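Below is one structure, written out as structure tokens; comments come after it.
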Amino acid sequence: MIPVIAIVGRPNVGKSTLFNVLTRSRSALVLDAPGVTRDRQYGQGEFLDQKFIVIDTGGLTEGKTPVEALMLEQSLQATEEADIIFFMVDGRAGRNPLDETIAKRLRKLSKPIYLVINKTEGLPISTAQSEFYALGLSNLVPIAASHGSGIAELMEEAFSHLPEEEATETPLPELEGIKIAIVGRPNVGKSTLVNRMLGEERVIVFDEPGTTRDSIYVSLEREGKPYVLIDTAGVRRRAKVTETLEKFSVIKTLQSIENADVVIMVMDAREGITDQDLGLLGFVLEAGRALVIALNKWDGLTQDERSDIKKTVSYRLNFVNFARIHWISALHGSGVGNLFDSVQEAYQSAIRTLSTSELNRILEAAVSKHPPPMVRGRRIKLRYAHTGGHQPPIIVIHGNQTEQVPLSYKRYLSNSFRQNLKLRGTPVRIEFKTSENPYAGLRGSSGKSKKSGKSGRSGKLGKSGKLGKSRKTVKSEKTGKSEKTGNRKKSAITISKKSKKEKGRR
């Protein structure tokens, strides 16, 4: 059985830093401010060939505010799931009354508890440990999480007390499946939707913008198909993002979009489509991610309000007309189950293998129906197409003057491929390649005409100012020798014959 370790303690003692060290990642958001972590975060680690699962939790408090009460509930849930508990305290700040409250609560659990004294770099060990003996816990381990010192001793101590059946190596469950990032503005119902899809209160939901601060990855299986849900922090307009913590949260959200297979864009149906929604959709398109749109808080609206909202959505979201739109209520669950079908459809479209012959057939039909425009009197020619990658599907088209293809025609080709291939929920990228001319640079290599100043032509200007015809080298059929012929030479021969006849007559 794989041991599960929960890291608990009051806010800002270094829990997330230790979590990142144990998982050898930067999954947890770390900032020198209390209350950064709110939801519980799961990670995987390995020490001396022993694999384990570690849970990062929000800071334990007395739960005076509604958000603090929800954070406390999440932390207590983590202690119930854990086999080992790392109770972390701040060695520099010393013992705190809140530490005593937490220790009293943890002593009631019949589980191994290790008092991890963090931030002890530069301090005498005896001084760092002395005042924490009063908490009534026997296993005291001083560490410095930010420097990595003492962590090996902590893990050695923790695993030495595990029963032998738990120390045996078993395969560690991986986060496998379609990764679905739930994104949107603050307070549009992203966390409520995640909990509804999971069927449990996995992440904190509170009617206040900015409740979620980190990206939370949660595994899910539905109808035998695995998924990974990613709850993200809300993204506001750049001008309104002032706090450092919120800036890091936005970065984590954008990284989650890059890591996702499918993005569910959640919007508030009552507020309509905002410019911030459109900006976030633009980032999803740039990332090339498959897309499903969910208009939340659809319940309680009148028929006239719904009709007006649908017209607005149809007009403002026309540039992402390939995405399925769902009208849902995350709070009551109506329409939520249909999201999984659209996610599967979008994902399968994004990873689909495209046939070269089929792509060329579609290209030929599209060009025949609407030929490319003329550029400086020359027609743009699109010769053939082939696939260039997946997620999103990339179609490479070869031709000449492709750098002159206007955006409108590129969009026309993209729509033609999507409709004919029946790709739904994913953008299609078109890349053009201009064929190289093998004769480029060879024109005019025979020299320039001295009088005309033009290359590649021979002959002289006549009296009329017109260029004479060029001479041709003709191979004689009888002699096999090459003879030069031309209009000017023929006329000279004719004159000489006439002069000989006149002399003979005289």
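The values are calculated or read from the model by the stated rules, or taken from the named source; none is laboratory data. Please read all numbers here as calculations on a predicted model, not as lab measurements. Positions of Cβ are generated from backbone atoms using ideal geometry, with glycine treated the same way; all protein chains shown enter the neighbour counts. Heads up: the accessible areas ignore ligands, DNA and RNA and are worked out on the full protein's heavy atoms, side chains in. Shrake-Rupley method; radii C 1.70, N 1.55, O 1.52, S 1.80 Å.
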Subset of the stretch 340-375 [farther than 30 Å from VAL194 by Cβ and in a loop (DSSP other than H, G, I, E, B)]: THR353, LEU354, SER355, HIS370, PRO371, PRO372, PRO373
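For residues that are open to solvent by 70 Å² or more (accessible area, probe 1.4 Å) and either under 26 Å from the mean Cα position of the chain (by Cα) or of a type in the set (A, V, I, L, M) (or both), tally how many sit in the stretch 305-314.
So the answer is 1.
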Among residues of the stretch 100-119, those that are over 21 Å from VAL54 (Cβ atoms) and in contact with a strand residue (DSSP E or B) (Cβ under 9 Å, 6 or more places away or on another chain), counted: 1
Members of the stretch 258-298 found to be without any contact (Cβ under 8 Å) to a residue 60 or more places away in the chain and either in contact with a Ser or Thr (Cβ under 7 Å, 6 or more places away or on another chain) or part of a strand (DSSP E or B) (or both), listed by number: GLY272, ILE273, ILE293, LEU295, TRP298
Conditions (1) in contact (Cβ under 8 Å) with a residue 12 or more places away in the chain; (2) under 18 Å from ARG418 (Cβ atoms); (3) open to solvent by 10 Å² or more (accessible area, probe 1.4 Å); number of the one not met by VAL320: (3)
Verdict on GLY288 being modelled with pLDDT of 85 or more, closer than 27 Å to SER349 by Cα and either out of contact with any strand residue (DSSP E or B) (no Cβ under 8 Å at 6 or more places or on another chain) or not hydrophobic (A, V, I, L, M, F, W, C) (or both): yes
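Taking ALA330, is it open to solvent by 10 Å² or more (accessible area, probe 1.4 Å) and in contact with a helix residue (DSSP H, G or I) (Cβ under 6 Å, 6 or more places away or on another chain)?
Details: open to solvent by 10 Å² or more (accessible area, probe 1.4 Å): no; in contact with a helix residue (DSSP H, G or I) (Cβ under 6 Å, 6 or more places away or on another chain): yes.
No: the conditions fail for ALA330.
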Complete set of residues in the stretch 16-72 that are at pLDDT 80 or above and on the phi > 0 side of the Ramachandran plot: ARG24, LEU48
In the stretch 75-110, the residues that are part of a loop (DSSP other than H, G, I, E, B) and surrounded by fewer than 18 Cβ atoms within 10 Å (Cβ to Cβ): ARG92, ALA93, GLY94, ARG95, ASN96, ARG107, LYS108, LEU109, SER110
Cross-chain or 6+ apart pairs with Cβ under 7 Å, the stretch 27-54 first and farther than 16 Å from THR253 by Cβ and part of a loop (DSSP other than H, G, I, E, B), then modelled with pLDDT of 80 or more and open to solvent by 50 Å² or more (accessible area, probe 1.4 Å): ALA33/ASN12; PRO34/ASN12
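So which residues in the stretch 1-15 are of a type outside the set (Lys, Arg) and at pLDDT 80 or above?
Of the residues in the stretch 1-15, the ones of a type outside the set (Lys, Arg) are 1-9, 11-14.
The answer is PRO3, VAL4, ILE5, ALA6, ILE7, VAL8, GLY9, PRO11, ASN12, VAL13, GLY14.
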Among residues of the stretch 377-430, those that are over 17 Å from THR353 (Cα atoms) and in a strand (DSSP E or B), counted: 9
Residue in the stretch 391-409 that is at pLDDT below 90, over 24 Å from the mean Cα position of the chain (by Cα), hydrophobic (A, V, I, L, M, F, W, C) and buried (at least 18 other Cβ atoms within 10 Å of the Cβ) present: yes
Criterion violated by LYS297 - all others in (1) of a type in the set (Lys, Arg); (2) at pLDDT 90 or above; (3) open to solvent by less than 80 Å² (accessible area, probe 1.4 Å) satisfied: (2)
Criterion (in contact with an Asp or Glu (Cβ under 9 Å, 6 or more places away or on another chain) and among the polar types (S, T, N, Q)) met by exactly one of SER314, SER334, SER307: SER334
